[in-house]
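Step one of this worksheet: look at the structure below.
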Amino acid sequence: MKLYDYILSPSCYKVRLMASLTGVTLDLRPVDFHPGAEHRSAAMLALNPAGCIPILEDGDLLLTESAAMLAYLAAKAAPAWLAGEKPEEAARVQQWLAFSSRLTASLGGARLHEMLLRPGDIAVLQRQGIAALRELEAGLVEQGVRGMRFLASERPTIADIACFPYVALAPDGGVALDPYPAIRLWSRALRSLDGFIEMPGIHRLHELKPEPPIPTVEV
Amino acid sequence: MTDQAMTMQAMIDEWYPVGLLSQLQPGGRKTALMGAPIEVACDAEGHARVTAADGRVLPVRARYGHVWSSLGAPQKELFPIPEADQPGRRFVDVGVVRVRCSPLRTVENFLDIAHFPFVHTDILGAEPHTEVQNYKVEIREDVDEVWATQVKFYQPQASKSASGGITTEYMYRVPAPTCSVLYKTCPPRPDEWDVITLFVQPLSEDLCDVWPWMALFDDETSMTDLIHFQQTIFLQDRSILENQIPRRLPLDPGMEIPTRADLTSIAYRRWLKRHDYTYGAQLVAQ
Ligand SMILES: [Fe+2]
C-alpha cells in the first residue's frame with residue numbers, strides 16, 4: 001500500500017497514524033509539498049486532479065480522500081475501528097467524518113497561513129476554527145454524559161482519527177486549546193493508545209509527571 | 001529617536017535573507033524586513049530586485065540559495081561560507097517557516113545543544129544520553145564571529161544518511177546577528193563537515209521567517225527526504241519557540257546562569273550586547 005506523503009501534513013498523518021494503530025505497513029512516497037509544490041506537478045495532478053495529498057494506492061484502488069483511506073485501512077485490518085451495529089453509532093461516525101473537513105478548512109488553513117505563509121484571511125480562519133472546536137468540545141461532553149470517551153462510541157473509531165490531527169495542531173495556527181478540557185482529555189486518551197505515533201507538533205505522552213507538591217504557606 | 005529606531009540602529013546595516021532564489025517571480029513577493037514592507041522580485045534579466053515601500057531600491061546579494069537584502073547601507077560583505085563553493089556538495093533549500101518569536105531567540109535556540117534529547121527525541125538526542133561534554137566557546141576577534149568547537153554529542157540518528165547511533169561532533173558559528181552556521185560530522189566523508197544553516201529574516205521584533213539551508217555530502221538520500229528531515233527538526237523547535245516567554249530575547253546580565261550547556265548562548269548574548277544588536281531583544285537592566 002503506497003501513501004504519497006508529506007511529513008508535516010496533518011491529513012497524511014491521519015493515514016500514517018491509522019496504519020500504525022491497525023498494524024498496516026505503508027510504503028511511504030515523500031512529496032515535496034513545501035517548498036517544491038510537487039503536489040501540483042503534472043505527475044501528481046494525473047493521480048489527483050484536486051492537487052492535494054495524501055493519495056493512497058493499493059492495487060487498482062486509488063484514494064484521494066483521507067476519510068476513505070481511514071475506512072479502507074480499518075475495514076482491511078481492524079474492523080473494530082469502524083462503526084458497530086447501532087444506528088446512532090454509525091450516524092455519529094459519519095457525522096464526525098464529515099465534520100473533520102471543517103477542521104481541515106479552518107484550523108488547517110490557519111496553520112498553513114501562520115507557518116508556511118499560505119494565503120488566507122487569518123482572522124476568519126481562526127474564528128471558524130474556534131467555532132469548530134466549541135462544537136467538538138460540546139460533542140465530547142455529551143458523549144461523556146453517555147459514558148463514552150470517544151466521538152462515536154466507548155472505543156475509538158476512524159472518526160476520532162479523522163478529527164484528532166488538526167485539533168492537536170491548532171496552536172500552530174495561533175488557536176489555543178486551553179479552553180477545551182474535554183478535548184484535552186480526549187487527546188490524552190488517543191495519545192495513550194498502543195501503536196500511537198507522533199508527528200512534529202504532536203508529542204507522545206511524556207508530560208505525565210507527578211503533581212508538583214503544594215507549597216506550604218507559613219503564617 | 002523612537003525606541004524602535006534606537007533598537008534598529010546597529011542591525012539596520014546587516015544583510016538578511018528575504019526569499020529563495022529558486023522561487024523569484026517577475027510579479028514579486030511582498031514581505032517585510034524589520035517592520036518595513038518590502039517587495040522581492042526578479043528583473044527582466046532574472047536578477048533579484050528588492051524594493052522598499054517608497055520605491056527605494058535596496059542592496060541585494062544572491063548567495064547560498066537565497067536573496068539577501070538590507071534596509072541600510074551594509075559596511076561589510078555578506079559573511080563567507082567557503083563550503084558553498086566546494087564541488088560534490090548538494091545544496092538544499094529547506095523552505096520558509098514562520099515563527100512567532102524574536103529572530104534572536106530562534107538563533108539562540110539553534111545554538112543550544114542541551115535541548116536535543118528533549119525536543120528532538122530519538123532523532124538528534126535521546127535519554128539517558130543527555131550529557132553535554134566539555135567544549136570550547138570564543139568570540140573570534142579577527143572575523144568578529146561567535147564560535148563553539150569540539151561539541152560532542154551522542155545521537156540516535158544524526159542525519160538522514162546516518163544509520164544507527166553515533167557520537168557526532170559539531171561546530172557552531174554566528175557570523176551575523178540573525179544567522180548561524182552549523183558544521184557537523186559528515187558520516188560518508190569523515191574528513192569533511194556537513195553545513196547546516198539557519199538564516200533568519202526579522203519581520204518584526206517578535207516575528208520571523210526562518211530559511212534553513214544545507215550544503216551536504218550525501219549522494220544517497222533523495223532531495224525531498226533531506227528537506228523533510230530538516231523540516232521535521234525545525235518544526236519540533238517551532239512549537240517550543242512559540243511558547244517561550246517573553247517573546248523577545250532577554251539581554252540582562254543578571255539573568256545569566258552559566259552552565260556548561262549554554263556557554264554558546266551566553267557568548268552569543270554577550271556578542272549581541274557588545275554590538276548593540278538589540279532588535280528583538282528585551283533589555284531588562286539598563
Ligand atoms: Fe532544535
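The values are calculated or read from the model by the stated rules, or taken from the named source; none is laboratory data. These numbers come from a predicted model, not from an experiment. Neighbour counts run over all protein chains shown; Cβ positions are idealised from the backbone, glycine included. All accessible areas refer to the heavy atoms of the entire protein, side chains included, with ligands and DNA or RNA removed. Shrake-Rupley method; radii C 1.70, N 1.55, O 1.52, S 1.80 Å.
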Within the range B:74-92, residues being touching an Asp or Glu at 6+ places or on another chain (Cβ under 7 Å) and open to solvent by 60 Å² or more (accessible area, probe 1.4 Å) number 1
In the list B:ALA148, B:ALA114, B:ALA162, which residue meets the criterion of being within 14 Å of the ligand (Cβ to nearest atom) and either more than 14 Å from chain A (Cβ to nearest Cβ) or at pLDDT 95 or above (or both)? B:ALA114
Which residues, taken from the range B:215-248, are within 16 Å of the ligand (Cβ to nearest atom) and not in a helix (DSSP H, G or I)? B:GLU242, B:ASN243, B:GLN244
Filter pass, A:MET69 being open to solvent by less than 20 Å² (accessible area, probe 1.4 Å), modelled with pLDDT of 95 or more and more than 21 Å from A:GLU198 (Cβ to Cβ): no
Could you check how many residues of the range A:29-53 are in a loop (DSSP other than H, G, I, E, B), touching a helix residue (DSSP H, G or I) at 6+ places or on another chain (Cβ under 9 Å) and away from chain B (no Cβ under 14 Å)? 3
Report yes if A:LEU117 is touching a strand residue (DSSP E or B) at 6+ places or on another chain (Cβ under 9 Å), within 14 Å of chain B (Cβ to nearest Cβ) and farther than 20 Å from A:LYS2 by Cα, otherwise no. yes
Of B:GLY95, B:GLY165, which residue is assigned by TED's automatic domain parsing to the domain that holds B:ILE240, open to solvent by less than 30 Å² (accessible area, probe 1.4 Å) and small (Gly, Ala, Ser)? B:GLY95
Lone qualifier among A:LEU26, A:LEU8 - being in contact (Cβ under 8 Å) with a residue 12 or more places away in the chain and either within 14 Å of chain B (Cβ to nearest Cβ) or crowded, with 22+ Cβ neighbours inside 10 Å (or both): A:LEU8
Within the group B:LEU21, B:LEU33, which residue is in contact (Cβ under 8 Å) with a residue 12 or more places away in the chain and surrounded by 19 or more Cβ atoms within 10 Å (Cβ to Cβ)? B:LEU33
Being away from the ligand (no atom under 16 Å from the Cβ), open to solvent by less than 20 Å² (accessible area, probe 1.4 Å) and either in the same structural domain as B:ALA267 (by TED's automatic domain parsing) or under 14 Å from the mean Cα position of the chain (by Cα) (or both) narrows it down to one residue among B:HIS66, B:HIS120; which is it? B:HIS66
Here is a check on your reading of the model: is B:ARG105 outside any loop (DSSP other than H, G, I, E, B), within 14 Å of chain A (Cβ to nearest Cβ) and closer than 23 Å to B:GLY280 by Cα? no
Which of the residues belonging to the range B:247-264 are at pLDDT below 90 and either touching a strand residue (DSSP E or B) at 6+ places or on another chain (Cβ under 8 Å) or open to solvent by less than 60 Å² (accessible area, probe 1.4 Å) (or both)? B:PRO250, B:LEU251, B:ASP252, B:GLU256, B:ALA261, B:ASP262, B:LEU263
Assess whether B:THR130 counts as being modelled with pLDDT under 90, surrounded by fewer than 19 Cβ atoms within 10 Å (Cβ to Cβ) and among the β-branched types (Val, Ile, Thr). yes
For the range B:104-131, pairs from a residue that is touching a residue at least 40 places away in the same chain (Cβ under 8 Å) to a residue that is within 11 Å of the ligand (Cβ to nearest atom) and acidic (Asp, Glu), with Cβ under 9 Å and 6 or more apart or across chains, are B:THR106/B:ASP237; B:ASN109/B:ASP237; B:PHE110/B:ASP237; B:HIS115/B:ASP237; B:VAL119/B:ASP237; B:HIS120/B:ASP237
Residue that is surrounded by 17 or more Cβ atoms within 10 Å (Cβ to Cβ) and either of a type in the set (Ser, Thr, Tyr) or within 18 Å of A:ILE202 (Cβ to Cβ) (or both), where the choices are A:ALA168, A:ALA176: A:ALA168
Check on B:VAL181, over 12 Å from B:ILE196 (Cβ atoms) and part of a strand (DSSP E or B): no
Within the range A:54-72, track down each residue that is assigned to a helix (DSSP H, G or I) and farther than 30 Å from B:LEU20 by Cβ. A:ALA67, A:ALA68, A:MET69, A:LEU70, A:ALA71, A:TYR72
